[in-house]
Amino acid sequence: QVQLVESGGGLVQPGGSLRLSCVASGTLFSIDVMGWYRQAPGKQRELVATIGKGGKTNYAEVAKGRFTISRDNAENTVSLQMSSLKPEDTAIYYCHGRISIVNYWGEGTQVTVSS
């Protein structure tokens, strides 16, 4: 049973920074794609950023220039460094992993950007 556990969420002021981390366990296989999605109240879950095993990244427009995704294949971890945070970044951030055609999700971590 693959488990993804996020950490690093919290309350931050506008313009501040936050780093999210996610650890995957329960699999002997390397995870093909890891990434972060978010869901704000009343909105659908949306892509933030993904990263493949080889390091190829994909960012949503809202994340470009402000967020950086990285991963450690040996440790099966993925991180999201967020800077210049805005109130509209407030959401639950979910870690995502895909092995072949199977998707896995973490429970989510709350990020609140407010003064």
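The values are calculated or read from the model by the stated rules, or taken from the named source; none is laboratory data. Keep in mind it's a predicted model, so treat the numbers as computed, not measured. Backbone-built Cβ (ideal geometry, glycine too); neighbour counts: all protein chains shown. SASA here: full protein model, heavy atoms, side chains in, ligands and nucleic acids out. Shrake-Rupley method; radii C 1.70, N 1.55, O 1.52, S 1.80 Å.
Among the residues of region 60-115, just one is more than 14 Å from Glu46 (Cβ to Cβ), open to solvent by less than 70 Å² (accessible area, probe 1.4 Å) and of a type in the set (Asp, Glu), namely Asp72.
One residue stands out in region 27-46 among those that are part of a loop (DSSP other than H, G, I, E, B) and β-branched (Val, Ile, Thr): the one that is nearest to Arg98 (Cα to Cα), namely Ile31. Assess whether Lys86 counts as being under 18 Å from Gln39 (Cα atoms) and free of Cβ contacts under 8 Å to residues at least 12 places away in the same chain. Judged against the criteria, Lys86 is not a match.
For first residues located in region 63-79 and assigned to a loop (DSSP other than H, G, I, E, B), partners that are of a type in the set (Val, Ile, Thr) and lie 6+ apart or on another chain with Cβ distances below 6 Å form the pairs Ala63/Val48.
Which one of these is more than 18 Å from Val113 (Cα to Cα), at pLDDT 95 or above and part of a strand (DSSP E or B): Ala49, Ala24?
Ala49
Find the residue count for region 19-29, including only residues that are open to solvent by less than 60 Å² (accessible area, probe 1.4 Å) and without any contact (Cβ under 8 Å) to a residue 60 or more places away in the chain.
Here the count works out to 3.
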